[in-house]
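Nothing in this text is a laboratory measurement; each read-out follows from the coordinates by a stated rule. Everything numeric in this text was worked out from a predicted model, so none of it was measured. Here Cβ is always computed from backbone atoms with ideal geometry, including for glycine, and neighbour counts include all displayed protein chains.
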Amino acid sequence: MNKKLIRYLVFFAVLLLAFYSALVYFTDFEKVKLPVINAVQAFSFTRHDGKQVSQSDVKNRVYVAEYFFTTCKGICPKMNKNMKEIYAAYKSDPEFLIISHTVNPETDSIPVLKHYADSLGAQTDNWWFVTGSKESLYKTARESYLLDDPKNSSININEQFLHTQFFTLVDKQGRVRGIYDGIKKDEVKQLLIDIKELLAE
């Protein structure tokens with residue numbers, strides 16, 4: 001009787017272990033990955049230390065892109081306060097990067113961007129503040145990062161002013177994998193999670 005009981009206990013233990021293993025396997029296998037939303041087109045901008053940077057410089061790196069301007073008193077300080085949290089979480093990872101593009105290149109010169117970067121404690125290894133022609137900056141925002149309606153490019157560039165609170169997440173292959181509201185804490189929290197997922201891909 002005792003031997004039969006032991007056999008039953010062993011059988012159910014093995015059955016339970018098999019069920020648990022299958023559950024773990026299929027849960028991981030069926031995990032929904034972040035969708036591919038768009039592909040980032042070739043770009044070339046000037047970083048806040050004066051260096052030219054292009055798409056080749058972000059190869060094999062996960063990065064978050066945003067648009068801001070240094071004299072902004074509204075959403076930009078809130079956005080970059082949240083961006084500092086993201087920076088703090090991943091600044092030690094050489095495969096992670098933040099690119100902050102100015103929407104006002106006429107005012108945001110290299111020295112101005114450098115001063116702004118320094119005020120946030122941003123190091124050039126992991127957080128770039130970039131400028132370029134207004135046309136190329138806005139084109140990248142609209143056609144690559146999907147941070148504005150591309151139809152707005154039909155307006156005279158001198159009459160345009162792009163002002164968005166959204167962040168775009170790009171994977172190591174230069175593909176857009178998510179867009180997040182940069183002033184909403186719950187979306188910033190999700191962004192932190194999604195960055196980790198892409199770094200592990």
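Quick look at the values:
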read-out: Likely footprinting exposure, ILE86, ILE99, ILE157, fewest C-beta neighbours within 10 Å first; value: ILE157, ILE86, ILE99
read-out: Chain lengthening between SER133 and SER119 when straightened (0.36 nm per residue, less Cα-Cα); value: 2.6 nm
read-out: Gyration tensor (alpha-carbon) shape descriptor, region 38-200, a/c threshold 1.5; value: rounded
read-out: Prolate/oblate/rounded call for region 142-183, Cα gyration tensor, a/c under 1.5 rounded; value: oblate
read-out: Set LYS73/LYS114; LYS51/LYS114; LYS33/LYS189; LYS51/LYS78; LYS73/LYS196; LYS84/LYS172 screened for pairs whose C-alpha atoms are more than 23 Å apart; value: LYS51/LYS78; LYS73/LYS196
read-out: Distance in nm between pseudo-label sites at SER109 and ASN156 (7 Å out along the Cβ direction from Cα); value: 2.6 nm
read-out: Distance in nm between pseudo-label sites at SER54 and GLU197 (7 Å out along the Cβ direction from Cα); value: 3.3 nm
read-out: For region 88-173: rounded, prolate or oblate by the Cα gyration tensor [a/c cutoff 1.5]; value: oblate
read-out: Full-extension gain in nm, ASP149 to LEU34, via 0.36 nm per residue minus C-alpha separation; value: 39.2 nm
read-out: Extension reserve of the LYS185-THR71 stretch, reckoned as 0.36 nm per residue once the Cα distance is removed; value: 38.7 nm
